[in-house]
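The values are calculated or read from the model by the stated rules, or taken from the named source; none is laboratory data. All figures in this text were calculated on a predicted structure; none of them were measured in a lab. Cβ: placed from backbone, ideal geometry, glycine included. Neighbour counts: every protein chain shown.
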Amino acid sequence: MMHCTIEELLALRANEGSVWARQHLEACPACRAELEALYQRVAQLKALPVLGPARDRWPVIRDHLAAQQLRRRRRWTAWGLAAAAAVIGVIVLRPFGGEQAYGDELAQAKRQSASLEAQLQRYDPDSRVETGRAAALAAELEDRIAAVDAELARLNVGAPADRGDRDLVKLWQDRVGLMQQLMEVHVTRASYVGL
């Protein structure tokens, strides 16, 4: 004997079943029991409580975001101070010798870096709304800038003078490029917020 499928039972429950299914249901106690079980499951599902988000979670989320922004700002400040210390270390401990070309390029890169850092501080990206994608990109760029700052600090400790000057110029130029990209991320994001 062939029994009703679950689709046929659901159709019968919705009063849309076929004639064969209705006749079979009258003759088959197994299918009637299955239809009754289906009604019971639906009733049990309807009796479940409605779950919704808690309304009092906003203060916890706000505090978490504020703490996260404070950590990010402290990290950025710490790396900025480390970079400033590295610059001072370069100027005081390693005066530039005969390589005037490296000295000019290095001074220009340092000026650009200081200018971009001042622009970022004035811009204050932490006080603005940003998308997850922009925040992730900004965090990645900040991490790369931090890695360049760490490498600058390492080079200031004890690299040979001729190799160190070339590497310092390249690292400072890399830092400037990364900071320009970070500024573009913030400016691009700000220009689309009002759309």
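Here are a few things to note about the model shown:
- Tally of residues being part of a helix (DSSP H, G or I) and either modelled with pLDDT under 70 or farther than 16 Å from A150 by Cβ (or both) across region 89-108: 13
- Subset tally (residues that are over 30 Å from G17 (Cβ atoms) and either assigned to a helix (DSSP H, G or I) or in contact with a Pro (Cβ under 8 Å, 6 or more places away or on another chain) (or both)) for region 32-80: 26
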